[in-house]
Amino acid sequence: MSQPVRVRFAPSPTGYLHVGGARTALFNWLFAKHTGGKFILRVEDTDKARNTAEALQVIYDGLRWLGLDWDEGPQVGGPHGPYCQSEREAVYQRYFDRLKDGNFLYDDGGAWRFRFAREVVEVDDLICGKVPFDFNNLEITPDMTIRRPDGSWIFHFVNVVDDIEMEITHVIRGEDHLSNTPKHLQLFRALGAEPPRYGHIPLILNKDGSKMSKRDQGASITSYIDGGYVPAAVRNYLCLLGWSPKDDREKLDLDEIVRLFEPSKINRKAAQFDIEKCNWLNWQYLVAMSLDEFTDAALPFIEKAGIPFGTRAALVPVLAMVKEKIKQLPETPGWLPYFFADEFVFEKDAEEKLRKPGALETLASLREGYASLAEWNAASLEAKLKELAKARGVKAGELVHPARAAVSGRTVGPSLYHMLEVLGRERVLARMDRAASMFAG
RNA sequence: GACCCUAUCGUCCAGCGGUUAGGACACCGCCCUUUCACGGCGGAUACACGGGUUCGAAUCCCGUUAGGGUCGCCA
């Protein structure tokens, strides 16, 4: 194993990138980075009917979003191209002829089948260990078709040929391929090629243990992109599904993961996918962002919601207040409307706060106190409110609640004093006046 | 059905012959607090079952059960 590591991710363009596939790609990528090897992307698009350019784009977008750049493959080229199987007809024909000349193939109604050696083949797996497969029973393991009557190629054959041609040294793939591996080993031997080392990683299941399919929550990488997840967070979460640094750390820098990653340390049991924990990690990344980074990340959602924030300079101070409340980026615009529009609907709970006996009276006294405040900032606003509360012999909350309701139409929000500071005296007093007349009588 | 993989809190991850079985998410209390969050403190919950091996098993072996995978002219 002195030769440089060459690993590959070989997806079929089906129109979406499954988290399981993404994790497979990630583990391959990590292994390449860890060993200083190469990560190759190969598109297995032999099924012409199903493959479209859009479906392929989803894979490229998903991998790039996760930061999994490929050293060789479509769009970047490389010495072993082309990297789409649909363009490698001549290569397959050459290998096919070799098998045919070696008497490994026979015609079965127009399809070509590969004749298995009838013996025990042992897979020596990086993750699962040595696993023997018995080919002696023809019923259980019938010979394998490698070419259809229409001349198109079957997965097993092109997969092996390309692994040979692309000089792949390690194949890290889903456990669903474990049973295919002895068949592939037979093909390697028939072609006189040294097989790569294999490592089969367990599948990802739903939280309840059922098989994860296309429509299940969190199954598609596109859903994370659209949902405003932090790519590094999703990547981090995926790393933790079946692998760990063997201590209790969970939020890990990519460099650290690259340094520690070992395929042999991957768990052998299937992991169940927990979107809640993924969300928590994502939030950890959100918390760690600078205000500027957070603004960049949240902006698309704010714009999409049509919040008339004006300039970035006006937006940033508001986000500074609200950032700590936000667990998911798409929630962001929900915290903003009343900062940028005087017209807003009062929530039912907020109305109740203002209808409470004495609420308008305390609000009026606060309004008066604020109207004459020398300096308009969070500290002075707080001091004034507390002074008035004390004078009236009530808890601060008695003033805070109606004030918040009057100014924002809500019962929850960021720190009241900071909110009032950002809103400015003029708007605050006007909104208090408006609430006073709205809820009078 | 046959073959293969797997089995620690609800979930993820530690543990690799001797631990009060640890951490995280979620959950439940309490505290903090102007709301909601955050934070702090505390709690409940796990070695699937049955046999071995051993002075001693979550850890090793064998069964059973359960889950998953594969048995295509899909990939």
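What the table shows:
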| item | result |
| --- | --- |
| Residue tally, condition in a loop (DSSP other than H, G, I, E, B), within 12 Å of RNA strand B (Cβ to nearest atom) and surrounded by fewer than 14 Cβ atoms within 10 Å (Cβ to Cβ), over the range A:95-151 | 12 |
| Qualifying helices (runs of 4 or more DSSP H) (wholly inside the range A:349-413; at least 3 residues being farther than 19 Å from A:Arg431 by Cβ) | A:378-392 |
| Enumeration of residues in the range A:30-62 that are within 21 Å of the chain's Cα centre (by Cα), charged (D, E, K, R) and more than 21 Å from A:Thr222 (Cα to Cα) | A:Lys33 |
| Some residue of the range A:275-292 being assigned to a loop (DSSP other than H, G, I, E, B) and either within 12 Å of RNA strand B (Cβ to nearest atom) or surrounded by 20 or more Cβ atoms within 10 Å (Cβ to Cβ) (or both) | no |
| Tabulated pairs, the range A:145-164, first within 15 Å of A:Asp108 (Cα to Cα), second within 10 Å of RNA strand B (Cβ to nearest atom) and in a helix (DSSP H, G or I), C-beta under 8 angstrom, 6+ apart or interchain | A:Ile146/A:His156; A:Ile146/A:Phe157; A:Arg147/A:Phe157; A:Trp153/A:Gln85 |
| Restricting the range A:10-19 to residues that are surrounded by fewer than 24 Cβ atoms within 10 Å (Cβ to Cβ) and more than 10 Å from RNA strand B (Cβ to nearest atom), the residue that is farthest from A:Ala53 (Cα to Cα) | A:His18 |
| The range A:251-262 residues that are among the hydrophobic types (A, V, I, L, M, F, W, C), paired with ones that are in a loop (DSSP other than H, G, I, E, B) (beta carbon under 6 Å, 6 or more apart) | A:Leu260/A:Pro245 |
| So A:Thr52, is it out of contact with any Leu (no Cβ under 8 Å at 6 or more places or on another chain) and either crowded, with 21+ Cβ neighbours inside 10 Å or modelled with pLDDT of 95 or more (or both) | no |
| Test: residue in the range A:198-205 that is farther than 21 Å from A:Gln85 by Cβ, among the aromatic types (Phe, Trp, Tyr) and touching a residue at least 40 places away in the same chain (Cβ under 8 Å) | no |
| Residue match in the range A:185-193 (condition: in contact (Cβ under 8 Å) with a residue 24 or more places away in the chain, surrounded by 17 or more Cβ atoms within 10 Å (Cβ to Cβ) and within 12 Å of RNA strand B (Cβ to nearest atom)) | no |
| Residue match in the range A:234-252 (condition: under 26 Å from A:Met289 (Cβ atoms), acidic (Asp, Glu) and not in a loop (DSSP other than H, G, I, E, B)) | no |
| Of residues in the range A:383-438 being in contact (Cβ under 8 Å) with a residue 24 or more places away in the chain and among the hydroxyl-bearing types (Ser, Thr, Tyr), the one surrounded by the fewest Cβ atoms within 10 Å (Cβ to Cβ) | A:Ser415 |
| Qualifying residues in the range A:253-272 (those that are touching a Phe, Trp or Tyr at 6+ places or on another chain (Cβ under 9 Å) and in a loop (DSSP other than H, G, I, E, B)) - the one nearest to A:Leu66 (Cα to Cα) | A:Phe261 |
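The values are calculated or read from the model by the stated rules, or taken from the named source; none is laboratory data. Owing to the predicted nature of the structure, the values given are computational and were not obtained by experimental measurement. Don't worry about glycine lacking a Cβ; one is built from the backbone with ideal geometry, like all the others, and counts go over all protein chains shown.
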